[in-house]
Amino acid sequence: MIVGSVKEDVLIDKRVSITPETAKNLKDLGVNVYLEKKYANHIGISDEKYVDVKFFDDTNELVKSSDLLAQVNCPSIKIAENLKQNSIVLGMLNPNLNREIL
């Protein structure tokens with residue numbers, strides 16, 4: 001399984017779904033972790049802190065490659081359009097505010 005996550009819109013939320021510790025725990029379970037480059041730089045965590053994680057420049061490629069997309073908030077329409085069939089989105093989707101995306 002591949003768990004991916006892209007950077008959040010920092011104007012909405014500065015949190016990240018996958019910390020270096022979370023990535024390590026997922027790897028220990030045999031799960032591959034894909035993140036967008038500079039994923040957590042805004043909170044002072046460099047990419048180098050993440051061990052055995054694949055980083056992507058291209059957000060769309062990351063999303064299309066992931067079986068599960070972990071986000072703090074609902075993904076944008078652009079990201080949602082690139083989800084592969086039968087993938088899972090995990091996050092606070094807030095369906096009342098994001099009906100169009102969902």
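The values are calculated or read from the model by the stated rules, or taken from the named source; none is laboratory data. Source: prediction; values computed, not measured. Cβ placement follows ideal geometry from the backbone for every residue including glycine, while neighbour counts extend to all protein chains displayed. The accessibility values were calculated without ligands, DNA or RNA, using every heavy atom of the protein model including side chains. Shrake-Rupley method; radii C 1.70, N 1.55, O 1.52, S 1.80 Å.
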Task: helices (runs of 4 or more DSSP H) contained entirely in the range 1-87, each with at least 2 residues that are surrounded by 13 or more Cβ atoms within 10 Å (Cβ to Cβ) and hydroxyl-bearing (S, T, Y) - done: 59-65
- [ ] State yes or no: is I101 assigned to a loop (DSSP other than H, G, I, E, B) and either farther than 18 Å from M1 by Cα or at pLDDT 95 or above (or both)?
- [x] yes
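On the basis of being polar (S, T, N, Q), in contact (Cβ under 8 Å) with a residue 60 or more places away in the chain and buried (at least 16 other Cβ atoms within 10 Å of the Cβ), does N98 make the cut?
For N98, the condition - polar (S, T, N, Q), in contact (Cβ under 8 Å) with a residue 60 or more places away in the chain and buried (at least 16 other Cβ atoms within 10 Å of the Cβ) - is not met.
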Task: L90 vs. criteria out of contact with any Phe, Trp or Tyr (no Cβ under 7 Å at 6 or more places or on another chain), open to solvent by 70 Å² or more (accessible area, probe 1.4 Å) and either more than 16 Å from T19 (Cβ to Cβ) or not in a helix (DSSP H, G or I) (or both) - done: yes
- [ ] Only residues that are of a type outside the set (A, V, I, L, M, F, W, C) and modelled with pLDDT of 95 or more: list them for the range 61-81, please.
- [x] E61, K64, S65, S66, D67, Q71
Task: Pairs, first on the phi < 0 side of the Ramachandran plot and at pLDDT 95 or above in the range 6-22, second surrounded by 16 or more Cβ atoms within 10 Å (Cβ to Cβ) and among the aromatic types (F, W, Y), C-beta under 6 Å, six or more apart - done: K7/Y39; P20/Y50
